[in-house]
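Working notes, beginning with the structure itself.
The values are calculated or read from the model by the stated rules, or taken from the named source; none is laboratory data. All values reported here derive from a predicted model rather than from experimental measurement. When we count neighbours, we look across all protein chains shown, and the Cβ atoms used for this are built from the backbone with ideal geometry, even at glycine. Note: areas computed on protein heavy atoms with side chains; ligands, DNA, RNA excluded. Shrake-Rupley method; radii C 1.70, N 1.55, O 1.52, S 1.80 Å.
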Amino acid sequence: MDPYAATLEHEQVLVRRGKRSGLFTIVAVHSTARGPSLGGCRMWPYDDARAGLRDALRLSRAMTYKSAVANLPLGGGKGVIMLRGGTSMTPERRRAALEDFADTVQALDGAYITAEDVGTAARDMDVIASRTPHVSGRAKKHGGSGDPSPFTALGVEAAVLASLERAFPGRSLQDRSVAVVGLGNVGLRVAKLLARRGATLLVNDIDPARKADADRLGARWVTAAEALSAPVDVYCPCALGGVLDHETVSHVQAPVIAGAANNQLASDDVAALLRRRGILWAPDFVANAGGIINIAVELSPGGYDRRVATARVRAIADTLDAIYDDAQSADLTPLAAAMALAERRVAEAEG
Ligand code: NAD
């Protein structure tokens, strides 16, 4: 095996020091085999430049898999604006950094389309759009698809329903219990959708101010440890990544895990542990693809149509069904089956 190809699969990586801000801006294009690479712009203080570059390389690769599994005509890319720790960002400096990033995007001539991510918001996309057309997820008043969170939540609801159906065929959410961790933009919406279907909810957030939301939902507020080990039907992680490792999985009693959080598994081998424990895990990059599916509709030739987006996001249930079928027939974990599906689709596009 070629050791360089194994560690660097990317088509292009552009690192530029911005003329205005002096900050490094990075775009990593992992694959354009299925279409222009799409991925958010992360604006984040990194300990050193290598960490920022590693993030761009890792996250752009993950985007290739996410879009291919969702069958979108998109490849995988990611942008990074590397902030310097300890430096305050005035509005002027922020604008300068975004304009520098926009120039990096523009230099790639459409091979990469940016979107919001950790540290950036729809209004930042408007600044970027002043210098390049290769931007998505802009505010609705600018013809964009707006906040992706409602669609991500809708997709997670579909993933919860499809996974429950697989674990307990023919049973509805009525009288089922779900532990939702992280009541943010996505998690709170997921909790509301599940409550509407009659599920009993246990919820937790690191922010105690969220307890008021829990009360309004009629959900029981529990600690993170209680949520993890509760004898519920579904554990639904909607906060940060890395929550499932060999230690935490040993406490999980729920037969199904499906949630919005990115990178839920601390390492890929946790997928095998989940399977050994008889826990059905909906791969995170399948369950949380609603946001990017929504953006793909915005980028489609017909332009944005909310009804089309809603139907395509709900189809996450069908994608998961196919992945669970593949996993069962090939004796694989759902993670391995989802990765294999993505790899097949990228290879087909590469011809
Ligand atoms: P958010 O910041 O709005 O919400 C996260 C919530 O989790 C916050 O309320 C926060 O207080 C809480 N939280 C943080 N650490 C916690 C912990 N240790 N225990 C309990 N609660 C904790 O973020 P979001 O947009 O709702 O995204 C949630 C997750 O879904 C993230 O992992 C994100 O990467 C992923 N995701 C989001 C989208 C989207 O459309 N927003 C799309 C795909 C994936």
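The accessible-area ordering, largest first, of the residues T25, T87, T310, T7 stands as T7, T87, T310, T25, per a 1.4 angstrom probe. Solvent-accessible surface (1.4 Å probe) assigned to E350 amounts to roughly 130 Å². Only protein heavy atoms count here; on that basis, with a 1.4 Å probe, L8 has an accessible area of about 90 Å². For the chain, the equivalent ellipsoid built from the Cα gyration tensor has semi-axes of 33, 23, 20 Å, listed from largest to smallest. Charged neighbours of V308, selected by a Cβ distance under 15 Å, balance to +2 (K, R count +1; D, E count -1).
Modelled spin labels at D207 and H142, positioned 7 Å past Cα toward Cβ, are 2.4 nm from each other.
So what is the 222 nm mean residue ellipticity for the chain from helices alone, if each DSSP H run of at least 4 adds -39500 (n - 2.57) and you divide by all residues, rounding to the nearest 500 deg cm²/dmol?
Values: 15 runs with 159 residues, N = 351.
Mean residue ellipticity at 222 nm (helix-derived): -13500 deg cm²/dmol.
Per residue, the stretch 1-125 exposes 46 Å² of accessible surface when a 1.4 Å probe is rolled over the protein heavy atoms with every protein chain present. Taking the chain as the region of interest, the number of lysine pairs whose Cα atoms are within less than 24 Å, with members eight or more places apart or on different chains, is 5.
Figure note: D205, D100, D326 ranked by solvent-accessible area, largest first, 1.4 Å probe, ligands and nucleic acids not counted: D326, D205, D100.
Across the chain, the mean sequence separation of Cα contacts (distance under 8 Å, 6 or more residues apart), normalised by length, yields a relative contact order of 16 percent. The Stokes-Einstein estimate for the stretch 239-351, based on a Kirkwood radius over Cα pairs and taken at 10 °C with 1.306 mPa s viscosity, is a diffusion coefficient of 104 µm²/s.
Were the residues from S88 through A330 laid out at 0.36 nm apart, the gain over their Cα-Cα distance would be 81.9 nm. In the context of the full protein assembly, H134 retains an accessible surface of approximately 40 Å², using a probe radius of 1.4 Å and ignoring ligands and nucleic acids. Normalised by the number of residues in the stretch 195-319, the average gap of Cα pairs under 8 Å and 6 or more apart makes the relative contact order 16 percent. Solvent-accessible area per residue in the stretch 168-326 equals 45 Å², computed with a 1.4 angstrom probe and all protein chains kept.
Solvent-accessible surface of protein heavy atoms, probed at 1.4 angstrom with all chains present, puts D215, D175, D47 in the order D47, D175, D215, largest first.
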